[in-house]
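Engineer: Can you read through this structure? Questions will come right after.
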């Protein structure tokens, strides 16, 4: 509690978003979309799929370096605790310094990737594909999972 | 164009600038000192939906791996030899919801232990926001398997806490340059001096036997302990020649305010570019 009181007494800093360098922003534009899935039939979405691949947009100063890493689920959870395997291969992620799905540098989403912002204007995109592998006996219903993209700014 | 068409175009442009949820974080590095003991980070939600953000503090610094690539090194339980500020740095609030186009200041309070030696101490601030969620797709058929993946975004920035007298510098050694195709691959060992991280800029220039530049690279660097980075300097289209690499490291940064930069001497070296 003393710490809270001390913070409350601090002078309000200027609410500027222009401190050390250009502010940075990451948007989750869309998630990986597998559409309709059938039991026993694996379905893959490539990172170059302009409609169904996952996409994150990044805005930061041109030339700045970022570390990108994913926390990826190995399965999705469904009705009654049922799980459905989800996998990501070594080339399932892509980085585009021009935000173009047609111009990507592929990387392994399971290991960190060092990206350099292009530009100006300093806009980039990260694309993600993956494979869902329903079992032949996969129960019907809704399955969910969470994909986390961590962006580390240097310095 | 009619007024209605202009309004429609303006609305379209507004929408295209705000494609989805996400927060802006500023600054991208926080510098605090024992003089004030407090700092702040501003979060801005430029989107049209509320965003829930969780703030956390941990210890970490960057270093190069065996390939010369920068990596964030994190240590969950740093011992006393590590200059960690994570244990005595607090963020308020630690969980918040930003409304549409709302911004909020996250305050940082440092309560370092008494007798803390002079030097710079480090932490990382993580801002985790749940972003757009894909609606579960598919027809309303109970026999259908429907899949929905939620996106979550974590943005990590650095924090430097300076206690008492701080000083820094850089020692450059082991400079190597090898031509590989249209690039010159540069390796060097950079060792930080003093008791604070080195913030500076590397300028690498490739010069031909006629004295004319064939390529150059300018890159910001932060050295917490020691790094052995790898840089590729493009010399696309340059003819075969006896090239030399000149490397200059200066304590200047275009992306940081001048007052956070510590003074130190510039460092230079040069080496002949080797053929593969």
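Engineer: Measuring from label point to label point, each 7 Å out along Cα→Cβ, what is the residue B:88 to residue B:66 span in nm?
Structural biologist: The modelled label-to-label distance comes out at 3.8 nm.
Engineer: For chain A, what is the calculated [θ] at 222 nm in deg cm²/dmol (nearest 500), taking -39500 (n - 2.57) for each run of four or more DSSP H residues and dividing by its residue count?
Structural biologist: Estimated from H runs of four or more residues: -1000 deg cm²/dmol.
Engineer: For segment B:69-118, what does the alpha-carbon gyration tensor say about shape, rounded, prolate or oblate, given a ≥ b ≥ c as the root eigenvalues, a/c under 1.5 as rounded, and a/b over b/c as prolate?
Structural biologist: oblate
Engineer: A follow-up question, please. Calculate, in whole percent, how much of the Cα-Cα pair population of segment A:12-155 lies beyond 24 Å.
Structural biologist: Looking at segment A:12-155, the distances longer than 24 Å represent 38 percent of pairs.
Engineer: Distance between the C-alpha centers of segment A:95-127 and segment A:63-84? Whole Å please.
Structural biologist: Here the two parts' Cα centres lie 19 Å apart.
Engineer: How well do other chains shield peptide B:27-36, expressed as the mean number of their Cβ atoms within 10 Å of each residue Cβ?
Structural biologist: Average per residue, whole number: 4.
Engineer: Between residue B:116 and residue A:133, what's the calculated FRET efficiency when r is the beta-carbon distance and R0 is 45 Å? Round to 0.05.
Structural biologist: Taking R0 as 45 Å, the efficiency between residue B:116 and residue A:133 is 0.25.
Engineer: I've got another one for you. Which FRET efficiency, nearest 0.05, do residue B:144 and residue B:218 yield, Cβ-Cβ r, R0 56 Å?
Structural biologist: 0.55
Engineer: Each label point is 7 Å from the Cα along the Cα-to-Cβ direction; what then is the distance between the points at residue B:270 and residue B:34, in nm?
Structural biologist: 4.3 nm
Engineer: Among B:65, B:102, B:76, which one shows the highest mean-square fluctuation when chain B is modelled as a Gaussian network with alpha-carbon springs under 10 Å?
Structural biologist: Comparing B:65, B:102, B:76 in a Gaussian network model of chain B, the most mobile one is B:76.
Engineer: Taking a spot 7 Å from the Cα of residue A:50 along the direction of its beta carbon, which residues of segment A:86-104 have an amide N less than 12 Å from it?
Structural biologist: Under cut-off, by backbone N: A:100-103.
Engineer: How many percent of all Cα-Cα pairs in segment A:73-155 sit more than 17 Å apart?
Structural biologist: On the way: 1926 of 3403 pairs.
In whole percent, the long-distance tail amounts to 57.
Engineer: Cα centroid distance between segment B:38-116 and segment B:203-245, in Å?
Structural biologist: 34 Å
Engineer: Take every Cα pair under 8 Å in chain B that's 6+ residues apart, average their separations, divide by the length, and report that relative contact order as a whole percent.
Structural biologist: 17 percent
Engineer: Pick from B:167, B:101, B:228: which residue has the top mean-square fluctuation in a GNM of chain B where Cα pairs under 10 Å get a spring?
Structural biologist: Among B:167, B:101, B:228, the largest GNM mean-square fluctuation belongs to B:101.
Engineer: Averaging over all projection directions, find the projected area of the Cα convex hull of the protein assembly as shown and quote it in nm² with one decimal place.
Structural biologist: Hull-based average projected area comes out at 27.2 nm².
Engineer: Among B:36-45, A:82-91, B:266-275, how do they line up by average Cβ neighbours within 10 Å per residue, starting with the highest?
Structural biologist: Numbers: B:36-45: 19.6, A:82-91: 16.9, B:266-275: 14.0.
Order by mean packing, descending: B:36-45, A:82-91, B:266-275.
Engineer: Which whole number gives the average count of other chain Cβ atoms within 10 Å of the Cβ atoms across peptide B:217-226?
Structural biologist: Taking the mean over all residues of the peptide, I get 2.
Engineer: For chain B, report the % of Cα-Cα distances exceeding 36 Å.
Structural biologist: The answer is 37 percent, as a whole percent.
Engineer: Then there's this: Given an 8 Å cut-off on Cα distances and at least 6 residues of separation, report the relative contact order of chain A as a percent.
Structural biologist: 31 percent
Engineer: In peptide B:152-165, what is the residue-averaged number of other protein chain Cβ atoms found within 10 Å of each Cβ?
Structural biologist: Partner Cβ neighbours, averaged per residue: 4.
Engineer: Oh, and also: For an R0 of 41 angstrom, estimate the FRET efficiency from the Cβ-Cβ distance between residue A:116 and residue B:263 and round to the nearest 0.05.
Structural biologist: 0.90
Engineer: Running a GNM on chain B with Cα contacts under 10 Å, which residue among B:104, B:252, B:242 ends up with the highest mean-square fluctuation?
Structural biologist: Maximum among the listed residues: B:242.
Engineer: Per-residue counts of other Cβ atoms within 10 Å, averaged by peptide: what ranking do you get for B:172-179, A:57-64, B:189-196, highest first?
Structural biologist: Details: B:172-179: 15.6, A:57-64: 20.5, B:189-196: 18.1.
Result, highest mean first: A:57-64, B:189-196, B:172-179.
Engineer: First check a/c for segment B:148-218, with a ≥ b ≥ c the square roots of the eigenvalues of its C-alpha gyration tensor; if it is under 1.5, answer rounded, and if not, answer prolate when a/b is larger than b/c or oblate otherwise.
Structural biologist: oblate
Engineer: Expressed as an acute angle from 0 to 90° and rounded to the nearest 10, what is the orientation of the C-alpha long axis of helix B:3-17 relative to the principal long axis of chain B?
Structural biologist: Around 60 degrees separate the two axes.
Every number in this text was worked out from the coordinates using simple rules, so none of it is lab data. Nothing here was measured: the structure is a model prediction, and the numbers come from that model. Neighbour counts run over all protein chains shown; Cβ positions are idealised from the backbone, glycine included.
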